[in-house]
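The values are calculated or read from the model by the stated rules, or taken from the named source; none is laboratory data. These numbers come from a predicted model, not from an experiment. Here the Cβ is made from the backbone with ideal geometry for all residues, glycine too, and neighbour counts use every protein chain on show. These accessible areas exclude ligands, DNA and RNA; they are computed on the full protein's heavy atoms, side chains included. Shrake-Rupley method; radii C 1.70, N 1.55, O 1.52, S 1.80 Å.
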Amino acid sequence: ELPAPLLDDKCKKEFDEDVYNHKTPESNIKMKIAWRYQLLPKMEIGPVSSSRFGHYYDASKRMPQELIEASNWHGFFLPEKISSTLKVEPCSLTPGYTKLLQFIQNIIYEEGFDGSNPQKKQRNILRIGIQNLGSPLWGDDICCAENGGNSHSLTKFLYVLRGLLRTSLSACIITMPTHLIQNKAIIARVTTLSDIVVGLESFIGSERETNPLYKDYHGLIHIRQIPRLNNLICDESDVKDLAFKLKRKLFTIEVDFIS
Amino acid sequence: MFVELNNLLNTTPDRAEQGKLTLLCDAKTDGSFLVHHFLSFYLKANCKVCFVALIQSFSHYSIVGQKLGVSLTMARERGQLVFLEGLKSAVDVVFQAQKEPHPLQFLREANAGNLKPLFEFVREALKPIDSGEARWTYPVLLVDDLSVLLSLGMGAVAVLDFIHYCRATVCWELKGNVVVLVHDSGDAEDEENDILLNGLSHQSHLILRAEGLATGFCRDVHGQLRILWRRPSQPTVHRDQSFTYQYKIQDKSVSFFAKGMSPAVL
């Protein structure tokens with residue numbers, strides 16, 4: 001069977017973390033949601049090699065309930081946590097981001113991903129998925145106003161999150177609706193604070209939707225940034241034009257010869 | 001350090017100038033190779049180095065440092081290098097109340113006005129020790145990078161003030177050097193960053209600007225480096241001098257060449 005790459009463990013509608021990585025999960029509804037937004041993954045582990053190119057999952061099947069219950073995962077749904085008594089240190093972020101950071105930090109500490117409690121079982125990596133960061137669902141107003149009162153909350157959150165990731169065995173993938181953020185400076189700062197940045201640009205609503213040259217594709221993929229970690233050089237590909245198509249059972253990325 | 005860059009800058013660790021502010025800048029590319037260069041350069045020059053590393057972990061700089069012939073671990077152990085690991089410190093500051101003032105304590109405050117605790121940290125790190133014998137040549141402050149401070153809620157003026165105080169202490173009082181990296185955000189309309197970049201450009205003796213190629217990605221040329229001397233050492237030369245080279249980054253070095261003279265092209 002194929003080893004499970006990073007993305008496949010996320011299949012919940014709400015933000016969650018999945019630590020159980022032995023089996024290849026059979027459903028992956030996250031990809032459908034990701035298609036509509038720009039995607040900003042962070043600290044992504046390198047691509048997993050496989051005998052066949054690509055990864056094969058059936059997104060139409062739901063994950064068996066027993067598998068979910070047997071897995072060690074933690075969900076964070078802000079409306080449930082907002083009135084909780086979770087101990088939170090005073091911080092200058094919005095309450096939503098503060099609680100989220102505390103939640104992540106608790107798991108890292110409690111489950112020993114920072115090396116504080118020796119893990120008895122086989123060493124594992126904490127995978128974190130955060131959806132719609134920056135949206136009003138997180139109590140942030142950068143999608144609503146160009147110069148809101150919380151303009152530094154998101155970037156501060158990302159910086160502290162980066163610190164948590166760098167000091168523990170964890171990796172995080174984030175989606176962000178950057179098409180809703182009017183302040184270009186924030187997007188530039190978010191990019192600088194991330195390791196890998198991938199943009200998905202949908203053709204829906206753009207002139208390319210009716211362009212016959214693009215009829216086979218649903219949008220473009222932009223690799224905006226790749227990191228130089230522990231190195232002077234990075235593995236930059238010379239293929240820059242990538243397009244994708246999303247069908248019921250297939251998400252493919254192809255070199256776009258048109259643009 | 002990159003020997004070719006030393007040649008372009010007409011300097012070596014033995015006879016580098018003192019009392020200078022060097023500004024590193026990157027536009028549409030990653031200029032971190034310049035940070036690695038100066039870190040290893042000044043360690044080899046036997047300077048006391050205070051490195052405010054805000055964007056990457058210690059191990060990242062350490063691994064690259066080894067490729068460039070310096071051991072950050074040993075430099076830290078023998079007291080030559082004072083390393084502030086911003087990311088790790090941020091986690092400490094945000095999740096635990098600190099008993100003593102912390103250089104990054106502004107992260108806990110809703111409206112942090114200034115970077116005084118950070119300056120105090122730098123001053124403490126580089127102050128000369130009264131043991132009578134000078135162990136290190138001169139002090140150096142290196143910051144990677146200043147733009148991050150804007151993302152953390154500090155205003156451009158507060159960051160400029162911080163650098164002003166650092167220059168007064170490190171460059172004038174202690175006859176050392178300051179090297180900082182600031183990103184050029186280009187058309188991202190980042191006003192605060194533009195103010196910071198412009199303000200520092202006017203104060204710098206030397207500006208090294210790494211730029212992505214206008215024509216896009218190229219396998220053999222990774223970018224171009226603009227070297228701008230703002231106050232050249234020769235008093236007879238009144239105008240600022242500027243040179244542009246293209247460069248290619250390799251595993252352990254960076255090679256520079258005049259435009260259009262890449263070995264791959266010739």
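The 3J(HN,Hα) values that the Karplus relation (6.51, -1.76, 1.60; θ = phi - 60°) gives for region B:61-74 are, in residue order, 5, 5, 5, 5, x, 5, 5, 9, x, 10, 10, 5, 4, 5 Hz. Gly and Pro appear as x.
3J(HN,Hα) couplings calculated from phi for region B:194-201 with the Karplus curve 6.51 cos²θ - 1.76 cosθ + 1.60 (θ = phi - 60°) are, in sequence order, 5, 4, 4, 5, 5, x, 6, 4 Hz; Gly and Pro show x.
Evaluate peptide B:148-155: per residue, the Cβ atoms of other protein chains within 10 Å of its Cβ; return the mean as an integer.
On the way: counts 6, 0, 4, 13, 8, 8, 1, 0.
What the average comes to for B:148-155 is 5.
What number results when the radius of gyration of region B:15-99, computed over Cα atoms, is divided by 2.2 N^0.38 Å?
Working: Rg = 14.3 Å, N = 85, 2.2 N^0.38 = 11.9 Å.
Here the Cα radius of gyration is 1.20 times the empirical estimate.
Taking N as the residue count of region B:59-134, its C-alpha radius of gyration divided by 2.2 N^0.38 Å amounts to 1.34.
Computed with a 1.4 Å probe on the full set of protein chains, the accessible area for A:Leu250 sits at about 80 Å². In this entry, region A:164-222 is assigned a mean projected area of 5.6 nm², taken as a quarter of its C-alpha convex hull surface. All Cα-Cα separations within chain B were binned at 5 Å from zero, giving a P(r) of 1, 5, 12, 17, 19, 18, 14, 8, 4, 1, 1, 0, 0, each value a whole percent of the pairs.
Let me know the mean shielding of B:92-98 by other chains, meaning the per-residue number of their Cβ atoms within 10 Å of its Cβ.
Details: counts 2, 4, 14, 11, 1, 2, 0.
Counting Cβ atoms of other protein chains within 10 Å of each residue's Cβ and averaging gives 5.
When the alpha carbon coordinates of region A:144-259 are projected onto the principal axes, the ranges are 46, 38, 27 Å, largest first.
Across region A:121-201, Cα pairs under 8 Å and at least six residues apart give a relative contact order of 38 percent. Looking at chain B, the DSSP beta bridges with both ends there are about 40 percent antiparallel. Taking every Cα-Cα distance in region A:196-258 and sorting them into 5 Å bins starting at zero, the pair-distance distribution P(r) comes out as 4, 16, 23, 22, 15, 9, 6, 4, 1 percent.
Rounded to whole numbers, the Karplus 3J(HN,Hα) couplings from phi for region A:235-242 are 8, 7, 7, 8, 8, 10, 9, 10 Hz, using 6.51 cos²θ - 1.76 cosθ + 1.60 with θ = phi - 60°, and x at Gly and Pro. The mean accessible area for residues of chain B, using a 1.4 Å probe and ignoring ligands and nucleic acids, is 45 Å² per residue. Taking every residue in A:92-101, how many Cβ atoms of other protein chains lie within 10 Å of its Cβ, on average? That works out to 2 on average. All Cα-Cα distances of region B:93-194, cut into 10 Å bins from zero to the largest, leave 13, 41, 31, 13, 2, 0 percent in each bin in turn.
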